[in-house]
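Below is one structure; the comments refer to it alone.
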């Protein structure tokens, strides 16, 4: 009898403990589901925020890319213009220097003209003697001196690229010559230079001074 009474108590106690355990597990299960639901919502929210941030960063990167492309284009344009300006400046400096040299060289042409006239006068004085006429003493040395001076002068001009125009016996060229007189000389072809009054000069194909010449015209009536 005593044992049966104890069994009943133990069974009741076990049932009560089982009921408590079941009651304790239900709130825990509910809390776990709520926590899981909260975690899932937070995850979706974070993913949405991350997607928005990614889109924003992509837009910013695209904007920066366009700005960099514009900057690169502007840099290339400025670089090209700068290079063109440098080339233009170098060309301008070269032209200015060349023009200054040409201006400095032109006065020397008059010096050479004086040497040519002096040589012609010396040659005239040194002509072979004729009746009642003798060459002036020392004229041979004067003629040689003028020839030597002219050779040295022409060599100096050649160092600067200056060339003496060859005119007599050559066809008339209006680009390098100026006709100041026309003649009819049977020994020369038509439109050929028969005499030079003033020497002409060129420098690298550019005319520094026109030659003044007499041109043969066979159609002139004597």
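None of the figures in this text is laboratory data; all of them are computed from the coordinates on show. Fair warning: this is a prediction, and the values are worked out from it, not measured in the lab. Cβ atoms come from the backbone with ideal geometry, glycine included; neighbour counts cover every protein chain shown.
For the stretch 162-222, what are Rg and Dmax over the alpha carbons, in angstrom?
Cα radius of gyration and Dmax of the stretch 162-222 are 11.8, 41 Å respectively.
Could you give the length gained by full extension between residue 59 and residue 126, i.e. 0.36 nm per residue of separation minus their alpha carbon distance, to one decimal place?
Numbers: separation 67, 0.36 × 67 = 24.12 nm, distance 9.89 nm.
Value of the extension gain: 14.2 nm.
Label-point separation (nm) for residue 106 and residue 164, each offset 7 Å from Cα along Cα-to-Cβ?
Rounded to a tenth, the inter-label distance reads 2.2 nm.
List 91, 199 from most exposed to least, where exposure is judged by having the fewest other Cβ atoms within 10 Å.
Values: 91 10, 199 18.
Fewest-to-most Cβ neighbours within 10 Å comes out as 91, 199.
Between residue 181 and residue 41, what length comes free when the chain is fully extended (0.36 nm per residue of separation minus the Cα-Cα distance, one decimal in nm)? Walk me through the numbers on the way to the answer.
Numbers: separation 140, 0.36 × 140 = 50.40 nm, distance 11.10 nm.
Extending this stretch completely gives an extra 39.3 nm.
Counting other beta carbons within 10 Å of each Cβ, put 177, 156 in order, fewest first.
Ordered from fewest to most neighbouring Cβ atoms within 10 Å, 177, 156 come out as 156, 177.
How would you rank 75, 146, going from fewest to most other Cβ atoms within 10 Å of each one's own Cβ? Can you show the working numbers first?
Numbers: 75 10, 146 19.
So the residues, fewest neighbours to most, are 75, 146.
Give me the number: length gained by fully extending residue 86 to residue 68, i.e. 0.36 nm times residue separation minus the C-alpha to C-alpha distance, one decimal in nm.
Details: separation 18, 0.36 × 18 = 6.48 nm, distance 2.63 nm.
Full-extension gain reported as 3.9 nm.
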